[in-house]
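Accompanying notes for the structure given below.
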Amino acid sequence: MEAIRKQYTLTVDDQEEIIKRFTNEMLNGLKGEKSTIKMIPSFVTKRPTGDEKGDFLALDLGGTNFRVVLYHLLGDHRNTQDEKKYRIPEEAMTGTAEQLFDFIAKCVLDVNPPDNVPLGFTFSFPCLQFNIKDGELCEWTKGFSTSGCVGKNPTELLNEALKRQGSSIRVAALVNDTVGTLMAKCYEQNNCLVGVILGTGYNCAYVEMANNIPKWKGSKEGEMLINMECGGFGVLDGYRTEEDIELDKLTPNPGAQYNEKMVSGMYLGEICRRLMLKLVKAKELFQSATIDENGHIHSYMEFGTPNLSVIEADGSVDLEDVKKVLEEAGVHNSTLEDRKTVKELANIVSGRSIALAACDITAICRHMGEKSKDCVVGIDGSLYKLYPGYHSRLVKSLVGLKQTCLVELSEDGSGKGAAIIAMSTVH
Ligand code: GLC
């Protein structure tokens, strides 16, 4: 246990080293040189004022759920919305492009949107953008492996599916969720300079000056929001553990998204599961318990991060909720000592996620310089919203790195932002 604690706890010195490496990758990415951080210009060059008005449709595809939302921007920093959520069928996540995009198009028709409403498509995967509405999927992340999409333009794939379904609606803007999150927060208050998603996946966007992007061939005037794709940050030698290395090998995208695989909600439960098994093997855990051979504790990716949320939230003397989670995973008759160890493991794994996210936010703020001093960092995503203590521990870690930025929830950032960007294409 002691060794695990040591390996997973990042000291401020470790964090400074990671910040240095991250900054280096950021600069390489901006230059267009080889880098694990893509630094993709989003073609979004203007932030909203909060006065914008009108009805806009947003589609939000990026995790296991898919949402169709009709936003009514009211001006005065306010909006209302009508929304419908769908679970993406497994065959759409791993089948063909036509299956996935026909499913999406059918959902759009299902909500009966007004004709010709501008559509913002939040497609939360690494896409090189050619303009505000067109791009090319570089690779899938977060467990998607739908065929016939990599190298293709998601906007075209969706427009064709909409046509097939007899709809006249067409995509006006292709948006990454981090860029949407930044824009949505700006609609509420103007000094948001960083957008972060801490959910199934992990990524950041920030406001760069166009003349600070050597690889950018367009106008050097004004701002450009950058979709960093920093879940891909991979210069993490010395920090990746045996669990990270083994987990990566089993994902559909081995060798990629190292940072995301240490930070995001998709993987934290799996890391903890592996650590529990490691301690069982070392005879430090569950020695008097019985473990079902077919229990989830033995199945790859079956011990989800929501379990860690329950474990960390359990403040009872006997750790009754921890016991329940373990029972459900196939571990019976755990002792209180076992449960305390499991709780500590969850805390260690989430702590590393938080420390890494704090490194990246710090690197971004330091890169932006003076103007980032009292800027707002808008964050959306299930991990940030639902994991007990994530926000306060993130703030603490940032304070430890001498950051003075404000970390705030960007409520429904990924959808609302796309609507705001779609709006900018018609005004
Ligand atoms: C993955 C995607 C990225 C997205 C993030 C959060 O890292 O590659 O585009 O922003 O998940 O959803």
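Observations, loosely collected:
- The chain: mean projected area of Cα convex hull, nm²: 20.1
- Virtual paramagnetic centre 7 Å along Cα→Cβ of K85, amide N under 20 Å, in the range 375-406: 379-391
- Local electrostatic count at I354 - Lys and Arg +1, Asp and Glu -1, tallied over other residues with Cβ under 9 Å: +3
- Cut-off under 5 Å, modelled amide H: who pairs with Q81 long-range: H72
- Hydrodynamic radius by Kirkwood, which averages 1/r over all alpha carbon pairs of the range 227-295, in angstrom: 13.5
- Normalised contact order of the chain, rounded percent, pairs of Cα under 8 Å and 6 or more residues apart: 21
- Across the range 195-312, C-alpha contacts under 8 Å between residues 6 or more apart give a mean separation that, scaled by the residue count, equals a relative contact order of 22 percent.
- Using a Förster distance of 25 Å, the FRET efficiency for T64-E284 (Cβ separation, nearest 0.05): 0.15
- Coil-residue GluC sites (Glu not before Pro) of the range 17-118, DSSP, other Cβ within 10 Å capped at 14: E33
- Set of lysines near K324 by C-alpha distance (under 19 Å), chain-local residues within fewer than 8 positions excluded: K340, K343
- Hz values of 3J(HN,Hα) by residue in the range 297-307 - Karplus curve (6.51, -1.76, 1.60), Gly and Pro given as x: 4, 9, 10, 3, 6, 8, 9, x, 4, x, 4
- Cubic angstrom per residue, convex hull over Cα atoms of the range 91-180: 92
- Amide proton proximity set for L193, modelled H, under 5 Å, gap of 5+: V376, G378
- ³J(HN,Hα) computed for each position of the range 165-170 - Karplus, 6.51 cos²θ - 1.76 cosθ + 1.60, integer Hz, glycine/proline x: 8, x, 9, 9, 6, 9
- Scattering profile of the range 1-62 at q = 0.13, 0.19, 0.24, 0.28 Å⁻¹ [log10 I(q)/I(0), Debye over alpha-carbon scatterers]: -0.72, -0.89, -1.02, -1.12
- Alpha-carbon Rg with Dmax, taken over the range 1-139, Å: 20.3, 61
- The smallest convex shape that holds all Cα atoms of the range 253-368, its convex hull, gives 116 Å³ per residue.
- From the largest down, the range 194-309 spans 67, 26, 23 angstrom on the principal axes of its Cα atoms.
- Inter-part distance where the range 89-155 and the range 186-221 are each reduced to a Cα centre, Å: 22
- Using distinct alpha-carbon pairs, which all enter the 1/r mean, Kirkwood radius of the range 302-421 in Å: 16.2
- Rg ratio (alpha-carbon, reference 2.2 N^0.38 Å) - the range 196-242: 1.52
Quick note: the coordinates plus some simple rules give every number you see, no bench work behind them. Just so you know, these numbers come straight off a predicted model, no measurement behind them. Backbone-built Cβ (ideal geometry, glycine too); neighbour counts: all protein chains shown.
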